[in-house]
Structures are given as structure tokens and as C-alpha cells.
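Below is one structure, written out as C-alpha cells; comments come after it.
The values are calculated or read from the model by the stated rules, or taken from the named source; none is laboratory data. Quick caveat, the model's predicted, so the values are computed rather than measured. Every residue, glycine among them, receives a Cβ derived from its backbone with ideal geometry; neighbour counts consider all protein chains shown. Surface accessibility is based on the protein's heavy atoms, side chains included, excluding ligands, DNA and RNA. Shrake-Rupley method; radii C 1.70, N 1.55, O 1.52, S 1.80 Å.
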Amino acid sequence: MRRLALSLILLLFCGAVAAEQVAPSKTAATTVPPKPVPKPAPKKSAPKSPIARDLFGAASAPAPLAARAIGSYAKGCLAGGVSLPINGPDWQVMRLSRNRNWGTPQLLDFLERLSSDARAFDGWPGLLIGDMSQPRGGPMLTGHTSHQVGLDADIWLTPMPDRILTPQEREDMIAVSMLKDPFNVDPNVFTMQQMKLIRRAALSPQVARIFVHPAIKKALCQQASQTGKDTSWLGKVRPWWNHHYHFHVRLYCPPGMDGCENQKDVSGDNGCGQELDNWYAMLKKAAIEAAKSTVPGAKPWVGKPPLTMAQLPKECGTVLNAGGFTPEPPAESPAAIAALATKDAGPPIPRLTPAQLQALIGADPNVMPLPDRNPMR
């Protein structure tokens, strides 16, 4: 009997131990596997906007739309562009391969009237017209930061020959530089005829600005009284880099032309005082830098990044694709395009001789470099 009782106690004990191994403890924490952390969705990079100059440079015909200058001179486009005939009674278009003789009707009217009046009243034999705008305006492959809306034109200071130039001559002929050295015009080349031509253009109420080399501005300031008592027109004539063989005319936006953006008007000052002095200080630095030998390994100045389509007015996309045109970048190599588009129309700026450089800087070789400015217009 006693043995039976011990057997029953042993059986009950083993069952309790087995139950503990199966049933979880009420006080122990239950282990729950962690939920997987979702991976963040990859950020979609915004599609890169195409380079505007590649597309506008590929357009060989104008947009079949109403004529309009859209945007600003250095950030815009041209709808309904009109081409200036390559030959006129008092003008000829140069560098025909560039296809840059396009503008608004107002620009063409101005050029035709200026060429006629300059011949009739000033004895100027005729205008040689350089770059205006591309068929649809916009940024150019090379050569200018402005000229985008059909209201800018470069006019050579070389008198037009008394015959029709051949297409090859228009490609190869080099304009005459007005400079004797980096700081002064050559009085045998820059004469009263050139002064009268610039003055006649500046007197037009359509003209907002005219850009010339600082040395030409200086000569105009010194001799303007010889062309008439009123010298207020000089305020429109602005010094700018590289304009030593041509002058750049910029018209105001035509009245009522929505979407065209004018520059701020020039001040009433004729620009012959402190402003011109400031330019000559920069001109001195530029001449010194050009005369000094190039430092081996120095990186060339490349300027600002090219404009993209996203940076132009939205309407320029419509202008670019008008008439079913599908713009594609030119197939030629970039080097070939650059060689064609930047074919210089005039000679380079004169450089200082070693003796002139030494006389200019004296014994101090440490000269401040030219400010980082875009020399294009």
C-alpha cells in the first residue's frame, strides 16, 4: 500500500515538470520577431533640361508665328523672325554661313533706314552687317550671350566696298580694327565718318544702347563736339569688351510687344567721366594680362554654364517646335561647329610689346588680374 502511494506521488511530479516545459511562463516576455523596415523609395532625379543653344542653333528656318521678341536680350527667343536680304541698296550681310541675319521687322526697318540715311546725309558708302539673330533667336552655339530676341545687330566699322562681295569674300574678309594699341584708336582709321555713323544710330529713338570698345568711347567723348552741339547721345554709347572693329546696336522692345523685356534705361550721364575712367582701369589690367606669358597648366576661363531650355521663357518651347520642327543637335563635331561659328570677323585686340608692358607696370610684377567678366555681347 505504501509502495502504491509512492508511485502515485512520483507520477504526479513528472507530469508537473512536463507541463512546465510545454506551457510558457505567464511572467516571461514573449519574443516577437521585429517587422522588416521598408527601404526608402529611390529618389527620382529630375530629368535634365536640354542645352538651349544646341536646339536653337539647329533651327534653319523661322517659327511660323506672329513676329515677337520673347524674353530678354540674353535669355529669350524670336517668333516670326524675318531675314534681312543679303544685298540691299546700302548694305551687305557678312558671314552668310552663320545664318544669323534674322530679326524682328522693326530691326530690319531700322537697319534699312540707317544705311540709307548714313549714305545720304553722312557720306557713308554702306553698311556691312554682322551677326543679328538666329532664325528662331535663342542662345547661339558660340559668339554671343545676347542677340537672342531679334533686336540686336553688329555693324562693321569698315566701309562697304563699291561692289557686291562674293560669298567667299563675305566668309574670309576681315574687318578693320579701329585700334592703334590696346588703349587708343588709330586716327587714320577711326575718322569723322565712323563717328557720324555711330552718332546717327544713337540718335534714333528706337535705340536703347550701342556697345563699342572703351578706346572708341574715349575718342567719341573727346571729339563729339565736332559732330554737333548736342552730345546727349553719348549716354547710349556704352564701353564693352571686344567691340574694336564693329559696334553693336540694341533696340528697345517695340511698343505693345507683350513678353519682351527691356533693359533699365541708361542714366542721363554721358559716360565720359568716372565710368570711362573705371573702364580704362580694367582695360589696363586686361592688356597686362594679355601681354604676360601664359602660366603652364593654367585653366582657361570658360564662363557661365550654357542656358538650358528650362531657363528660357516657357513660350520659347512653343517657338522651337512651331511648324512641326523637331530640333536635334547638329551632327557635326563640336570642334567643327565652333570653328565655323566663331570665325572671327575682325583682328584680335593689339597686345603690348615687352617694352610697353615694362613701362606700364614698372618694376612691380604683381598686378591684379582682369575681373571675371563675360567679354561677349
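L84 meets the stated requirement of being surrounded by fewer than 21 Cβ atoms within 10 Å (Cβ to Cβ) and within 23 Å of the chain's Cα centre (by Cα).
May I ask you to list the residues in the range 264-319 that are over 21 Å from V212 (Cβ atoms), modelled with pLDDT of 90 or more and of a type in the set (D, E, K, R)? Selection gives K314, E315.
Of the helices (runs of 4 or more DSSP H) contained entirely in the range 112-231, those carrying at least 2 residues that are within 19 Å of R250 (Cβ to Cβ) and of a type outside the set (A, V, I, L, M) fall at 192-202, 214-223. If you go through the range 322-351 and keep only what is farther than 19 Å from N99 by Cβ and at pLDDT 85 or above, you end up with G324, G346, P347, P348, I349, P350, R351.
What about Q194, is it at negative phi and more than 28 Å from the chain's Cα centre (by Cα)?
In short, no.
Of the residues examined, R373 is one that is among the basic types (K, R), open to solvent by 60 Å² or more (accessible area, probe 1.4 Å) and either modelled with pLDDT under 60 or assigned to a loop (DSSP other than H, G, I, E, B) (or both).
Can you confirm whether the range 238-246 contains a residue that is hydroxyl-bearing (S, T, Y) and out of contact with any Lys or Arg (no Cβ under 9 Å at 6 or more places or on another chain)? Steps first, please.
Of all residues in the range 238-246, those hydroxyl-bearing (S, T, Y) come to 245.
Cutting the leftovers down to out of contact with any Lys or Arg (no Cβ under 9 Å at 6 or more places or on another chain) gives us 245.
Yes, there is a match, as at least one residue in the range 238-246 is hydroxyl-bearing (S, T, Y) and out of contact with any Lys or Arg (no Cβ under 9 Å at 6 or more places or on another chain).
Restricting attention to the range 113-148, the residues that are closer than 21 Å to R68 by Cβ and in contact with a Ser or Thr (Cβ under 7 Å, 6 or more places away or on another chain) total 3. Of the residues making up the range 87-111, those that are of a type outside the set (G, A, S) and surrounded by fewer than 19 Cβ atoms within 10 Å (Cβ to Cβ) are N87, P89, L96, N99, P105, D109. How about the range 97-117: which of its residues are under 20 Å from M160 (Cα atoms) and of a type in the set (G, A, S)? Scanning the range 97-117 gives S97, S115, S116.
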